[in-house]
Amino acid sequence: MSNQITEYLIMPKLKLKRMDYAGALGMFVYASSVVVTPIVLLKLAQDLSFGLAEGGGIEAVRTSFLLAVLLASGAAAIRFGKSRTLGVGSFVLAAGLLAYAFAPTYIVVLAAIILVGVGGGILEALINPLVQDEHPTDSGRYLNFINAFFSIGVLVSVLVVGDLLTRSVSWRLLIAGVGVVALASAILFVAFGRGTDHHSGARPSAEGKSSWHHARSILREPLFWLFSAAIFCGGGAEGAFTVWSASYIQIHFETLARAGALGTAAFAGGMVVGRLASGRFVGQDGLRVLIIVSAIIGVVASVGAWAVDNMIGFFAIVFAAGPSIACFWPSIQSHAAARLPVDSTMLFMLLSCAGIPGFGLTSWIMGLIAEGYSLRASLLVVPVMLAALTVVMILSTEVSKRSTTH
């Protein structure tokens, strides 16, 4: 055990490449595009004269088109290259956000949000496979590091956009600002990708094979379904705290909206710490243990969040829950790529197709429980999800051992 700890502590520093920087900015702007609507929603609805039901429709449209474009992104990446496709995705995201910022009516907002969903879907689909290609033998560390910028995007957006909104800065200007950052992301992907396999099209492993061929081979792997269940549960736990922390703080502790925003920021801050630490200290061989131990710690932290009855204590526990949940998405993807002899790009996209519904469905289930019982009772969904994740990862280890002995 002491040798393993020493090995982690002396692990070499990350050697980032140009595409890693583009991926980091892409993750940042993707996160900002996800959270900016909930932050400005009340002002947006007031200016354009629509209700909260229509506000929920904005997110439903974005998520629907994001999921729809995930698999199509794989075919585009094989044909045109990942960096070029990511550049196009960022341009589409920027165009959608800028159209959103100048929308005169709710219908135009919905049309613009389709572009936001399509652009965001391409970024969600291809940034992690791009990092996997850049660092195939040690992708877990780099994926955790790059994915930290998603959490940084959430943290910065909640604090900066929320604060500027309270200072009477127009929601239109704030959304346009995110659009400008998306434009910068597009330029980086195209400029840094020139002259690489990511820019020119199909990599050698993909020659002669369609994305659907890769998908069929992955779907036949029993381990894939276990990893899909794991990322579904991990995405669900992340969604629970991201979506409901602010509302829980406001309702349970009877406080102001700003305190709720700080609660969401505390969780995002914990996620940043967790992903940066995992990227620095946990190598590829340690990912399985990291996922299982983090899930167990997350069970304890989420039960603590349900039990604690003062706001400062809840803030502390939510911050502590962040590192325990942070590793799931990037680490499960990287661990799956190391265990399954399949195309990693399509594997990552199919796993995202499980993680994104986990994020949304868990939040919806918590809302139903909150309606029928209480928002506090709904928090118990989180330890259940994390306990299930622990069991699934242990099962995946047994299945992996059996497959190697036959």
Next on the checklist: No solvent, one uniform scatterer per C-alpha: report log10 I(q)/I(0) for segment 65-112 via the Debye equation at q = 0.16, 0.21 1/Å, two decimals.
Outcome noted: -0.53, -0.76
Next on the checklist: Taking the beta-carbon count within 10 Å as an exposure proxy, list Arg216, Arg376, Arg141, Arg339 from fewest neighbours to most.
Outcome noted: Arg216, Arg376, Arg339, Arg141
Checklist entry - Over its Cα atoms, what ratio of radius of gyration to 2.2 N^0.38 Å does segment 5-101 give? => result 1.46
Checklist outcome for this item: Ranked from fewest to most other Cβ atoms within 10 Å of their own Cβ, Trp225, Trp364 fall in the order Trp364, Trp225
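Tell me, in nm to one decimal, what length is gained between Asp285 and Phe102 on full extension, where the rule is 0.36 nm per residue of separation less the Cα-Cα distance?
Stretched out fully, the Asp285 to Phe102 stretch lengthens by 61.0 nm.
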Checklist entry - Given R₀ = 22 Å, FRET efficiency for Leu361-Val391 by Cβ-Cβ distance, to 0.05? => result 0.70
Checklist entry - Expressed as a rounded percentage, what relative contact order does segment 16-205 have, with Cα pairs under 8 Å and six or more residues apart? => result 41
Item to check | Reciprocal mean inverse distance between Cα atoms of the chain - Kirkwood radius, Å | outcome: 21.4
Checklist outcome for this item: Cα pairs beyond 20 Å in segment 70-181, in percent, come to 51
Next on the checklist: Tell me the Kirkwood radius of segment 16-205: reciprocal of the mean inverse pair distance over distinct alpha-carbon atoms, in Å.
Outcome noted: 16.6
Checklist entry - What ranking do Ile39, Ile356, Ile296 get, fewest neighbouring Cβ atoms within 10 angstrom at the top? => result Ile296, Ile356, Ile39
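Projected area of segment 209-406, taken from the Cα convex hull and averaged over every viewing direction, in nm²? Walk me through the numbers on the way to the answer.
On the way: hull surface 46.6 nm².
So the Cα hull casts an average projection of 11.6 nm².
None of the figures in this text is laboratory data; all of them are computed from the coordinates on show. Note that the structure is a prediction, hence the values are computed from the model and not measured. Neighbour counts are summed over all protein chains in view; Cβ atoms, including those assigned to glycine, are modelled from backbone coordinates with ideal geometry.
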